[in-house]
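The values are calculated or read from the model by the stated rules, or taken from the named source; none is laboratory data. Please read all numbers here as calculations on a predicted model, not as lab measurements. Note that we place each Cβ from the backbone using ideal geometry, even for glycine, and neighbour counts take in every protein chain shown. The accessibility values were calculated without ligands, DNA or RNA, using every heavy atom of the protein model including side chains. Shrake-Rupley method; radii C 1.70, N 1.55, O 1.52, S 1.80 Å.
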Amino acid sequence: MFNKILYFMLFIIPMQLFGQASALGELGQAPVGGGFEMDGYWVWGSSVVKGEDDKYHMYASRWPDYLKFHPGWMIASEIIHAVADTPEGPYQFSDVALGDRGAQFWDGRSCHNPKIVKHNQAYILFYMGSTHPFEKLNEHNADLLTLESKWCIAGRWNKRIGVAISKSPYGPWERLDKPILDVKPNSFYSFLTSNPSPLIEEDGSVILLFKGRSYQQDSITHSGMAIGMATAKSYRGPYTVTSDEPIFSAETFGEVEDPHLWKDQQGYHMIAKDMTGKIVKKRHAGLLAHSQDAKHWTLDKDPLAYTRTVRWDDGHEQLQGQLERPFVLIEENRPTHLFFATMDGKGGFHNGKKSWNMVIPLINKQ
């Protein structure tokens, strides 16, 4: 009788009664030389999908390293495509997926924050786009670019979320003439929309987490970051923001960035960067949260997902200067790898000399 009761407690009673188990698994050792980097460019923010050719296709942001890392991405980023035989890589550059197409387009000068999703026979690339009407900067005048410069003011103000579609991971990509998620006056996203994290359900409907900022009255400045949610019946839209109140903000849970969304039999899961350390008590570490409807979120019982300290497969540990843009690769309905944008240096974008995308295998003990 005791054995039957024990079996019932361990395997039949829902997991929620015992506290939420980690949907991510444990972080393994990062392969030295894995991931993706490019000489002459800053590289950032990867998203990976397995193609019908059984290869792994990474979409990442890059911009020339003669520009300052920040805010160079804001005015000159393009989304490139790289390929590898395994999730760990190393990935080899293949082509430019989304590049400069002219200041007259909403995404004409910068494409950034790629998130790739495969649905049925289509590859859908969600991203942030921006534009500005000014001359391009080069090696000779790159120092003109500052956070207060005309390029940056226009580039930040014009940030919007868009989508591109292709039948092949190699393109060509159909780019829409309008963003799928614009700003709304007097809202938490009245200034910009950015950092899309999509999930396409089996019926083709979309849940989209996104970052928003609001205007500060009579000023060119903006608020802190807030994470909202939008939905659509298909990836082409139209998209509707589900609430005037954000899911995460400085007033709700705490300020986070770079949300990544996935789903399993237990429900929806999110990994994100804790901007201030208010949530996981470590600034710029990662947090985990879960939800049954993607609208109402609860922090995991142990919400700390990662810190900036990485264990490499040559045996050493290292505190990364930056560790951002977490992306979870799902294969056979479970997380297998965690991708990051990372940088050397002592911390802070202005202290880094090199950036690249790295990958950490996940150890799933469920």
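Here are a few things to note about the model shown:
- For Asp65, the residues whose amide H sits under 5 Å from its own are Tyr41, Trp42, ignoring neighbours fewer than 5 places away on the same chain, with H placed 1.01 Å from N.
- Euclidean distance between Cα centres, segment 232-252 to segment 102-177, Å: 21
- Paramagnetic reach from Asn120 (point 7 Å along Cα→Cβ, amide N under 16 Å) across segment 151-191: 165-168
- Per residue value of the accessible surface for segment 261-360 (all protein chains in place, 1.4 Å probe), Å²: 46
- Think of the chain as having a plus end and a minus end, set by charges on the Cβ of Lys, Arg, Asp and Glu; of Phe191, Thr336, Gln292, Phe191 sits farthest toward the positive end of this dipole.
- The mean sequence separation of alpha-carbon pairs under 8 Å and at least six residues apart, normalised by the residue count of the chain, gives a relative contact order of 16 percent.
- Given a 1.4 Å probe and the protein chains as shown, Arg101 ends up with an accessible area of around 60 Å².
- Dipole moment magnitude, nearest 20 debye, the chain about Cα centre, only Lys, Arg, Asp, Glu C-beta charged: 600
- Whole-Hz couplings from phi, Karplus 6.51/-1.76/1.60, listed for segment 177-184; x for Gly and Pro: 7, 10, x, 8, 9, 8, 7, 9
- From phi via Karplus (6.51, -1.76, 1.60), per-residue ³J(HN,Hα) for segment 221-237 in Hz, x at Gly/Pro: 7, 9, 7, x, 8, 9, 10, x, 9, 10, 9, 8, 6, 8, 5, 7, x
- Out-of-range pairs (alpha-carbon distance over 21 Å; input Lys263/Lys301; Lys115/Lys301; Lys136/Lys354; Lys159/Lys354): Lys115/Lys301; Lys136/Lys354; Lys159/Lys354
- Contact order normalised by residue count of segment 199-297, Cα under 8 Å, 6+ apart, percent: 19
- Summed residue charge, Cβ within 12 Å of Leu67's Cβ, Lys/Arg positive, Asp/Glu negative: 0
- This model, with +1 at the C-beta of Lys and Arg and -1 at the C-beta of Asp and Glu, gives segment 107-153 a dipole about its Cα centre of some 320 debye.
- Dipole of the chain, positive end: most advanced residue of Gly228, Cys152, Gln121 [Cβ charges, Cα centre]: Gly228
- For Ile180, residues with placed amide H under 5 Å, excluding near neighbours: Ile161, Gly162, Val163
- Protein accessible area in the chain, 1.4 Å probe - carbon and sulfur %: 52
- Amide proton proximity set for Gly254, modelled H, under 5 Å, gap of 5+: Ser249
- Listed values for segment 244-259 are Karplus-derived 3J(HN,Hα) couplings in whole Hz (6.51 cos²θ - 1.76 cosθ + 1.60, θ = phi - 60°), namely 6, 9, x, 6, 10, 7, 4, 8, 10, 6, x, 7, 10, 9, 6, x, and x replaces Gly and Pro.
- Within straight-line cross-link reach of Lys273, lysines at Cα separation under 16 Å, skipping those fewer than 8 residues along the same chain: Lys211, Lys281, Lys282
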